[in-house]
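Only one structure is covered here, and it is reproduced in the block below.
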Amino acid sequence: MKHAPALASLIEALHALPGVGPKSAQRMAFRLLQEQREDARTLSRALEHALGAVTRCERCRMLAEGPLCMLCASAGRDEAQLCVVESPADVIAVENSGSYRGRYFVLMGHLSPLDGIGPEELGLPQLLCLLEGGEVREVILATNSTVEGEATAHFIGELVRARGIAASRI
Ligand code: ZN
């Protein structure tokens, strides 16, 4: 049986989310339209608001509300250390470890030539500009331990060391 158009497009939109299969998407849509209509309105407003308010930090590419993210805007971070990670979730993970006081750079992915993701897409020109600033003394390469993550760390490590800056892998 086919769904009516509005319901079908809601199910399709939910199905596009990571980890949501077609059955889950249908179950979620039914819930949102029946028992959880008020939650659905809250979700819709929050989503609309966040899409307008949240952009990318001009400095580190982290999600931000305003030109700089909260970490780049905060005084008292160590300018000499820069931790390079793949995603905003990685920033949260390192922050929660509680032992790092430096700054970040968020690639929003890893090198993947077959998918057309090269140095430009990962913001590497922006990273190099940051390094030219002269404050960074050490770059910590905290990309994922996948093949792509390792290759990305290696590539960035070479660029960093070529500028006389220390690079380490964690
Ligand atoms: Zn930032």
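The values are calculated or read from the model by the stated rules, or taken from the named source; none is laboratory data. Just so it is clear, the model here is predicted, and its values are computed rather than measured. Note that each Cβ is placed from the backbone with ideal geometry, even for glycine, and that neighbours are counted across all protein chains shown. Heads up: the accessible areas ignore ligands, DNA and RNA and are worked out on the full protein's heavy atoms, side chains in. Shrake-Rupley method; radii C 1.70, N 1.55, O 1.52, S 1.80 Å.
Candidates are the residues of region 140-170 that are of a type in the set (S, T, Y) and either surrounded by 15 or more Cβ atoms within 10 Å (Cβ to Cβ) or touching a residue at least 40 places away in the same chain (Cβ under 8 Å) (or both); the one that is farthest from V94 (Cα to Cα) is T152. Selection within region 43-90: residues that are out of contact with any strand residue (DSSP E or B) (no Cβ under 7 Å at 6 or more places or on another chain) and under 23 Å from G149 (Cα atoms). The member of this set that is nearest to the ligand (Cβ to nearest atom) is R59. In region 2-19, the residues that are closer than 18 Å to L47 by Cα form Cβ pairs under 8 Å with partners that are open to solvent by 60 Å² or more (accessible area, probe 1.4 Å) and hydrophobic (A, V, I, L, M, F, W, C), at six or more places apart or across chains, as follows: L10/L33; L14/M28. Just the residues that are touching a residue at least 40 places away in the same chain (Cβ under 8 Å) and among the charged types (D, E, K, R), please, taken from region 126-139. Matches in region 126-139: E135, R137, E138.
For L17, the test of being within 14 Å of the ligand (Cβ to nearest atom) and outside any helix (DSSP H, G or I) is failed. For the structure I just gave you, tell me whether G123 is surrounded by 15 or more Cβ atoms within 10 Å (Cβ to Cβ), more than 16 Å from the ligand (Cβ to nearest atom) and touching a residue at least 12 places away in the same chain (Cβ under 8 Å). Answer is no for this residue.
I'd like to check something: does region 10-26 contain any residue that is more than 29 Å from I170 (Cα to Cα), among the acidic types (D, E) and open to solvent by 60 Å² or more (accessible area, probe 1.4 Å)? Steps first, please.
Kept after step one, since they are more than 29 Å from I170 (Cα to Cα), are these residues of region 10-26: 10-17, 20-26.
Going one step further and asking which of them are among the acidic types (D, E), we end up with 12.
Remaining after also requiring open to solvent by 60 Å² or more (accessible area, probe 1.4 Å): 12.
There is at least one residue in region 10-26 that is more than 29 Å from I170 (Cα to Cα), among the acidic types (D, E) and open to solvent by 60 Å² or more (accessible area, probe 1.4 Å).
One residue stands out in region 111-120 among those that are in contact (Cβ under 8 Å) with a residue 12 or more places away in the chain and out of contact with any strand residue (DSSP E or B) (no Cβ under 7 Å at 6 or more places or on another chain): the one that is farthest from E58 (Cα to Cα), namely S112.
Residue-by-condition table, conditions (1) at pLDDT 95 or above; (2) open to solvent by 40 Å² or more (accessible area, probe 1.4 Å):
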position	(1), (2)
L51	yes, yes
E65	yes, yes
A73	no, yes
A80	yes, no
V85	yes, no
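Selection of region 130-144 for residues being modelled with pLDDT of 95 or more and of a type outside the set (A, V, I, L, M) yields R137, E138, T143, N144.
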